[in-house]
1. So which helices (runs of 4 or more DSSP H) stay within segment 112-200 end to end and still have 2 or more residues that are closer than 25 Å to Tyr73 by Cα and open to solvent by 60 Å² or more (accessible area, probe 1.4 Å)?
2. Identify all residues within segment 36-74 that are surrounded by 11 or more Cβ atoms within 10 Å (Cβ to Cβ), over 15 Å from the mean Cα position of the chain (by Cα) and free of Cβ contacts under 8 Å to residues at least 24 places away in the same chain; write none if there are none.
3. Sort out which residues of segment 95-110 are more than 9 Å from the ligand (Cβ to nearest atom) and in a helix (DSSP H, G or I), and write them in order of number.
4. Is at least one residue of segment 14-25 farther than 20 Å from Leu130 by Cβ, at pLDDT 95 or above, open to solvent by less than 50 Å² (accessible area, probe 1.4 Å) and not polar (S, T, N, Q)?
5. Tell me which of these Pro30 doesn't satisfy, since it passes every other one: (1) without any contact (Cβ under 8 Å) to a residue 40 or more places away in the chain; (2) touching a strand residue (DSSP E or B) at 6+ places or on another chain (Cβ under 9 Å); (3) farther than 30 Å from Arg127 by Cα.
6. Could you please tell me which pairs satisfy a Cβ distance under 6 Å, a separation of 6+ or placement on different chains, a first residue in segment 94-115 that is under 20 Å from Ile178 (Cβ atoms), and a second residue that is among the acidic types (Asp, Glu) and more than 8 Å from the ligand (Cβ to nearest atom)?
7. Cβ-Cβ below 8 Å, separation at least six or inter-chain, first residue in segment 186-199 and among the charged types (D, E, K, R), second modelled with pLDDT of 90 or more and surrounded by 11 or more Cβ atoms within 10 Å (Cβ to Cβ): which pairs?
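The values are calculated or read from the model by the stated rules, or taken from the named source; none is laboratory data. What you are looking at is a predicted structure, and each value in this text was computed from that prediction instead of being measured. No Cβ is skipped: glycine too gets one built from the backbone with ideal geometry, and neighbour counts run over all protein chains shown. In case anyone asks, the SASA skips ligands and DNA or RNA and just uses the protein heavy atoms, side chains included. Shrake-Rupley method; radii C 1.70, N 1.55, O 1.52, S 1.80 Å.
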Amino acid sequence: MEKKGLLLVLSGPSGAGKGTVCRALLKNEPYLRLSVSATTRTPRPGEVDSVDYFFLDSEVFNKMIKDGDLLEYAKVYNNYYGTPLSFVEKSLKEGRDIILEIDIQGALQVKKKYPEAVLIFIAPPSRFDLKKRLFTRGTDAREVIEKRLRCASGEIKVADRYDYIVVNDQVARAVEQIRSIITAEKSRPHNFKSLLNSFN
Ligand code: 5GP
């Protein structure tokens with residue numbers, strides 16, 4: 001069997017619960033590795049450098065762009081975010097499955113470079129539910145929430161460019177659905193080239 005890893009990309013509007021789903025998935029699937037992104041955003045309380053993000057200043061981030069060290073990057077809510085390329089390449093080569101939790105602009109860039117990447121859009125069950133989650137989370141100011149809601153409408157419009165949509169009404173159910181997607185994707189013929197060729 002081919003030893004190439006699966007490149008999973010998870011996105012969704014802020015408040016859809018993609019972080020929670022991603023953490024729950026990683027807990028259940030020890031073979032899955034999370035890519036740590038680089039960002040110019042300042043750390044939130046409790047966030048740890050090199051664990052949650054590589055917190056960089058704009059100068060270093062721009063140098064990474066210039067040197068081609070990022071697989072993708074995008075400006076999200078006034079800060080830059082990007083996926084370090086070397087970790088993704090190394091993991092895939094080693095046959096490790098990898099997950100990126102990134103915004104839609106980045107996800108579509110990844111799909112262009114890696115057509116075999118599997119794009120999963122985490123959707124909230126409804127607009128009402130999304131609004132409720134953003135307000136009860138209590139981490140952001142009202143105007144920030146309003147902005148995130150406006151962005152969510154735009155993001156949901158491009159959800160049909162993803163390979164799969166997972167509605168996060170219950171985290172456990174969303175995780176189960178993603179596990180099924182992983183199983184199905186691993187069964188695609190391009191993962192069995194060596195096996196199929198061995199019969200020639
Ligand atoms: P936060 O600042 O709340 O951690 O993340 C804000 C947004 O940036 C989220 O939608 C998150 O998915 C996205 N994001 C995080 N890392 C990356 C990345 O490496 N690339 C892109 N394009 N978006 C990212």
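1. It comes to 142-157.
2. Across segment 36-74, the qualifying residues are Pro43, Glu47, Asp49, Phe55, Leu56, Val60, Phe61, Asn62, Lys63, Ile65, Asp69.
3. Leu108
4. yes
5. Condition (2) is where Pro30 drops out.
6. Here the result reads Ile104/Glu155, each pair linking segment 94-115 to a residue that is among the acidic types (Asp, Glu) and more than 8 Å from the ligand (Cβ to nearest atom).
7. Going by the 8 Å Cβ cut-off, the qualifying pairs are Lys186/Leu6.
Each row is one residue, and each column tells you yes or no for (1) farther than 29 Å from Glu29 by Cβ; (2) among the hydroxyl-bearing types (Ser, Thr, Tyr).
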residue: Phe61; (1), (2): yes, no
residue: Ile65; (1), (2): yes, no
residue: Tyr81; (1), (2): no, yes
residue: Phe87; (1), (2): no, no
residue: Asp97; (1), (2): no, no
residue: Gln105; (1), (2): no, no
residue: Gln109; (1), (2): no, no
residue: Arg133; (1), (2): no, no
residue: Thr136; (1), (2): no, yes
